[in-house]
Amino acid sequence: MELSQKLQDALNKQVAMEYQAAYKYNGMRIYLDDLGAHGATHWMTLQTKEEIQHAEDFIQFIKSVDGQVELGQIKKETTDYDGLASVWEAGLSHEKEITKSIEDILALAIKENNYAAENFLRTYVDEQVEEEDNFRDVLELIELAGDDITAMFQVDSKLGQRK
Ligand code: MG
């Protein structure tokens, strides 16, 4: 099932977006590491790797339908945040942008009757529900801990258990 130029462009843009997410989360990981929050650093390291895997999945899909992969530009990312809550707030908001982007590409695939792309993208709609939920769960824990240092240590320890 061939890709239209428009769909191929959109999928390639998503590849860059997933790498951008990895780049962003790596900036967060560096910040968290500097902060000495080892569990949070571990969580974000895994998230960074997951985004690279997402980019790889999109690349493989494009290749599997004989499309042309293009690696677009990624932007500079900050390593400067203001506490754990600000990190997960920025992460959740970025995941929402990614969800919107994937939904837009899915809408295009449906419009073009590209069933292969549609099936692939639907698995990513599910993935995005999970991603947003993960970020939201952590943000809630951080907000619950508030200024309580002991509670924050417990949150960090819990984040360190992510597999
Ligand atoms: Mg992703």
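Looking only at the stretch 60-82, residues that are within 15 Å of the ligand (Cβ to nearest atom) and surrounded by 19 or more Cβ atoms within 10 Å (Cβ to Cβ) come to 1 in all.
Of all the residues in the stretch 71-100, those that are in contact (Cβ under 8 Å) with a residue 60 or more places away in the chain and farther than 21 Å from R136 by Cα number 1.
Select, from I105, I74, the only residue that is in a helix (DSSP H, G or I) and of a type in the set (A, V, I, L, M).
I105
Mind checking whether some residue in the stretch 8-22 is under 20 Å from G83 (Cβ atoms), assigned to a helix (DSSP H, G or I) and within 15 Å of the ligand (Cβ to nearest atom)? No - not one qualifying residue is present in the stretch 8-22.
Can you confirm whether E127 is open to solvent by 60 Å² or more (accessible area, probe 1.4 Å), among the acidic types (D, E), under 18 Å from the mean Cα position of the chain (by Cα) and within 16 Å of the ligand (Cβ to nearest atom)? It is false that E127 is open to solvent by 60 Å² or more (accessible area, probe 1.4 Å), among the acidic types (D, E), under 18 Å from the mean Cα position of the chain (by Cα) and within 16 Å of the ligand (Cβ to nearest atom). Of all residues in the stretch 87-103, those satisfying the criterion of being open to solvent by 80 Å² or more (accessible area, probe 1.4 Å) and either under 14 Å from D126 (Cα atoms) or within 16 Å of the ligand (Cβ to nearest atom) (or both) are K96, E97, K100, E103. Residue-level analysis places E112 outside the set of residues that are open to solvent by 40 Å² or more (accessible area, probe 1.4 Å) and under 29 Å from Q154 (Cβ atoms).
The values are calculated or read from the model by the stated rules, or taken from the named source; none is laboratory data. Since the model is a prediction, treat every value here as computed from it, not as a measurement. Positions of Cβ are backbone-derived with ideal geometry, glycine not excepted, and every protein chain shown enters the neighbour counts. Keep in mind that these areas ignore ligands, DNA and RNA; they rest on the heavy atoms of the full protein, side chains included. Shrake-Rupley method; radii C 1.70, N 1.55, O 1.52, S 1.80 Å.
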